[in-house]
Amino acid sequence: MLGFLRFILIFFIVLIVLGYISRFLLKILLFRLAKKMNVQQEKDKGQKVGDAYIKGNPTKEKVVDKNVGDYVDFEEIDTK
């Protein structure tokens, strides 16, 4: 019986300590998230509300091995 009570006491102490640690870590994570959002907001500050902004993706050229063969242009033939 004494072992069970000791287990319960240790269990609740661990829960309380984990609660304090998780609050501390949550504050740190939320502070970092707010900082990132602030940087993003400052970056987008020059844009007007409602304007569309599209980030350009670099176009990648198609890399085809030279030993693949000849390119044949497809042409649809009407068979009426």
**Complete:** Charge tally for neighbours of residue 40 with beta carbon under 14 Å away, counting Lys, Arg as +1 and Asp, Glu as -1, is +4
**Request:** Report, in debye and to the nearest 20, how large the dipole of the chain comes out about its Cα centre when Lys and Arg carry +1 and Asp and Glu carry -1 on their Cβ.
**Result:** 1180
**Cα principal axis extents for the chain, largest first, Å** = 93, 44, 35
**Prompt:** Where in the chain lies the longest segment free of chymotrypsin sites (Phe, Trp or Tyr not before Pro) that are both loop residues by DSSP (not H, G, I, E, B) and have at most 14 other Cβ atoms within 10 Å?
**Reply:** 1-52
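Okay, helix-only estimate at 222 nm for the chain: each DSSP H run of n ≥ 4 adds -39500 (n - 2.57), divide by all residues, round to 500 deg cm²/dmol; what do you get?
-19500 deg cm²/dmol
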**Fill in**
Checked against the positive end of the charge dipole of the chain (+1 on Cβ of Lys and Arg, -1 on Cβ of Asp and Glu, about the Cα centre), the farthest of 54, 5, 20 is 5
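Bear in mind these aren't lab numbers, they're just calculated from the coordinates by the rules spelled out. Computed from a prediction, not measured in an experiment: that's the story for all the values here. Cβ: placed from backbone, ideal geometry, glycine included. Neighbour counts: every protein chain shown.
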